[in-house]
Amino acid sequence: MNYKLWFWIVNAGTAVLRLLFIGKVGLTVDESHYWVYTKFLSLSYYDHPPLIAYIIKLSALIFGNTAFGVRFPAVMIFFIASWIFFICAKKLYNERTAFTGVLLLNVLPVFSFLGSVVSIPDSPLALFWILSLLVFLLIIETGNKKYWYLLGVVGGFALLSKYNAVMIPIGITLFLILSPKHRFWFKEKEPYLGFFIMIAMFVPVILWNIENNWASFGFQLRHGFGRSFPRFSLSLFGQSLGAQAGYLSPPIFLIFLAAAYMCFKEAWIKKDRTALIIACFSFPTLIFFNAVAAFNEILPHWPAMGYLVLAIYVAHITLKYAEVRWFRNYTIFAWAFTIVILILAPIHLMYKVIPVEKFLPKEQAEKVRHGIPEAERVDISNDLFGWKELGEEIRKIIAEYPPKRKPFIFTHKSYLASQIAFAVPEIRVFCFSDKIDAYDLWQRNLRPLRNKDAIFICNDFFYFNPEEYGDAFASYSEPQEFSIYRNGKKVKNFFFTKCEKFNPSNLDKKYTADLIGPKKNIPEELIKADHAAFRFINSTMHCKVLNFYMCLISFCDSIHFNLALIIILAVSITILWNSDNKRFWTDIALLASIIVVSALIVQFMKEYFERPRPLTVFGDENVNIFYEKLHRNSFPSGHTNAAFAICTFMFLSVRKYWYWYVIMAFGVGFERIYVGSHFPSDVIAGAFIGMMTAYIMVTLFKKYSKI
């Protein structure tokens, strides 16, 4: 069987089916919210990093603000991710396993629907997660160091997709630790540079968080770990596993559990490299989120990337044990059950074919609220319908106003605000919620709305009386009901309330961005963080043992005898002499050149920036100092520059003692802060200049010298 050909047939065929479906139903709440991101393009967002916004924006520019335009990227991303998944599984096992794994992805709801139809941050995350696995496999196979740079770029895009991507470097590090054959990579510079590239690509998100009082990081930490001290809950853990089983399909979830155990056994006991790679790219995510689930409620798709890679191993054991009768029969049942559900779901979304009331207790099924049967309220497919009709009704109401008195639209829930915004993309929608959300950051300045009329919109599920906004408006009308029908049955109600003359100054602060705090100036916040780090190291970390050694070094510095650098030079010269005395004087000359060049760069920068030292900034009485008292030309640190220049040269020349170079270089940088001579930013800049000068000069020497 030509599995590669069949893979392309299945991959293309399922992509076509998804493209035919994605425009048939309305957007989910999350998709609408991420579409609203595109109206406020930024370095990052309150809920997630920015990549999903730019992906949807590009698609919307091509296909318009439609359900098809929003979802098209998800279909294409899954198409590409499936191809990369096939390549990874083929490298780890064979084409048959790879094809089976792709079939499995197209069967599991969490991937075949949530990740391939619905445009959410998990879509690009899945692509770059599996691409990270592929690049890492190329590193393992070829030993090509340059692939680490590519891995850094891919990891950077993963981080720009979703914060879960922090598990990628954790998994890679775990593999290098557990695989003795590959531990040598810890001695190479490329893995560290690759990680630096990954973090550098994430800098925009960090800057956005600095500017907005760490709003996104804070939200995700609260969202993941809760607001109070965590307590173990077996009930929460069970609920989380049940929800994950629902997203994967309950019968197939049991196969995943068995596969996880077998993969662990094969990786840990049998030391199988393939199983170890799969385990390291899946277990950290699965273990972390399920551990959190024992203390706080999590969303079932958070650990999805762990299941994505583990699916390769599931495909492997599915074929390996296919001759075992009971396992084969159970697998057929599990796949058949899941396929039936997978087919019914989109059909019900479009045509409402499942009689939900038949699955409810009689008393609950007979309940009617606001004229809506309980069966319609619990049918989540109804959430995707009625928004187009709502948009048309909003336009009719606004058209009744005089041109100069056009009202603005607002609601009290971000979920509603995003859905309404997509229904009327030409109209700005506001959200005055008592909970912090993304809208608070998008509507910091409400003064342009002063004295304007407004239309408040809510529904029966999220009902709210706008009169609770109090004096923010001069008056409120009686709510007008607007009903949505589906297949002849009322499925939801919307309520319109006309509000007159908005006064932003009378709006309670809990409905504004004041809870987040004012927007910060990034340079000022970086300086504050720099000063805070200095105070921590210079004051909080002090102890008697460190004081003794730092006092000795500081005394020597005060009499112009740089003890730390002399020790580093002595150790370096000894290592160079013992390693290759034929090249000794050449190395010494090159090392001296590096020290001189880096020192000239640092001296120029010191004179150019003229940054005052901590003693000048904080005053002598507020800084812990020993003997050396310096007040000017703080940026960058010359001592740190020299230490990192020497140690980088030694790392590139005689790698055997790499750990000593790291200890000595970082030790000098730490000492300069500890004794009150430099800020952390001075030390970081000095280290960077020293490393880059040494690396560039050694590279040029190797390239052009005949020695």
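The values are calculated or read from the model by the stated rules, or taken from the named source; none is laboratory data. Only a predicted model underlies this, so the values are computations on that prediction, with no experimental measurement involved. So basically every Cβ, Gly included, is an ideal-geometry build from the backbone, and we count neighbours across all protein chains shown. Keep in mind that these areas ignore ligands, DNA and RNA; they rest on the heavy atoms of the full protein, side chains included. Shrake-Rupley method; radii C 1.70, N 1.55, O 1.52, S 1.80 Å.
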request  = Excluding residues on the same chain fewer than 8 positions from LYS90, give the aspartates and glutamates whose Cα lies under 14 Å from its Cα.
outcome  = GLU141
Accessible solvent surface per residue of the chain, calculated while the other protein chains remain in place, 1.4 angstrom probe, Å² = 48
request  = State which entries of LYS490/LYS510; LYS388/LYS435; LYS388/LYS509; LYS91/LYS145 exceed 24 angstrom in Cα-Cα distance in the structure shown.
outcome  = LYS490/LYS510; LYS388/LYS435; LYS388/LYS509
query = So, by mean Cβ neighbours within 10 angstrom, what's the order for 267-275, 431-439, 197-205 with the highest one leading?
reply = 431-439, 197-205, 267-275
ask   = Out of the DSSP beta bridges found with both residues in the chain, what percent are antiparallel (nearest 5)?
value = 75
inquiry  = Taking the full set of protein chains and a 1.4 angstrom probe, give the accessible area of LYS528 in square angstrom, rounded to the nearest 10.
reply    = 120
task = Name the residues whose placed amide hydrogens come within less than 5 Å of the amide hydrogen of VAL429, ignoring near sequence neighbours (fewer than 5 apart) on the same chain.
result = none
remark   = As straight-line cross-link partners of LYS406, the qualifying aspartates and glutamates (C-alpha separation under 14 Å, not fewer than 8 residues apart within one chain) are GLU426, ASP453, GLU500
query = Averaged over all directions, how much area does the convex hull of the C-alpha atoms of segment 63-163 cover when projected, in nm²?
reply = 7.0
ask   = How big is the shadow of the Cα convex hull of segment 475-581, averaged over all directions, in nm²?
value = 20.7
ask   = Is segment 106-164 rounded, prolate or oblate when judged by the Cα gyration tensor, a ≥ b ≥ c being the square roots of its eigenvalues, rounded requiring a/c under 1.5 and prolate requiring a/b larger than b/c?
value = oblate
request  = Taking just the C-alpha trace of segment 176-291, give me its Rg and Dmax in Å.
outcome  = 18.9, 50
request  = Could you look at the chain and say what percent of its accessible area is carbon and sulfur, using a 1.4 Å probe and all protein chains?
outcome  = 66
ask   = When you count, for each residue, the other Cβ atoms within 10 Å and take the mean per peptide, how do 666-673, 396-403, 518-525, 367-374 rank with the highest first?
value = 666-673, 367-374, 518-525, 396-403
Cut-off under 5 Å, modelled amide H: who pairs with SER634 long-range = ARG611, ARG613
request  = Please work out the ratio of the alpha-carbon Rg of segment 328-421 to 2.2 N^0.38 Å and round it to two decimals.
outcome  = 1.62
Only Lys, Arg (+1) and Asp, Glu (-1) charged, at Cβ; segment 345-387 dipole about Cα centre in debye = 40
inquiry  = Binning at 20 angstrom from zero up to the longest distance, how are the C-alpha pair distances of the chain distributed in percent?
reply    = 14, 39, 32, 13, 1
note = Taking a straight Cα-to-Cα line shorter than 15 Å from LYS358, and setting aside same-chain aspartates and glutamates fewer than 8 residues away, one finds GLU366, GLU374, GLU376, ASP379
ask   = Mind listing the phi-derived Karplus ³J(HN,Hα) values for segment 435-446, rounded to whole Hz, using 6.51, -1.76 and 1.60 with θ = phi - 60°, and x for any glycine or proline?
value = 10, 5, 8, 4, 5, 4, 7, 8, 10, 4, 9, 9
query = Cα atoms only, segment 252-325: Rg and Dmax in Å?
reply = 12.9, 42
key: At 1.567 mPa s and 4 °C, Stokes diffusion of segment 422-532 via Kirkwood alpha-carbon radius, µm² per second   = 79
remark   = Row for segment 520-630, column shape: gyration tensor on C-alpha, a ≥ b ≥ c, rounded if a/c < 1.5 i.e. under 1.5, prolate if a/b over b/c, else oblate; value prolate
query = So what's the Cα pair-distance distribution over segment 437-482, bin width 5 Å, in %?
reply = 5, 15, 22, 26, 21, 11, 1
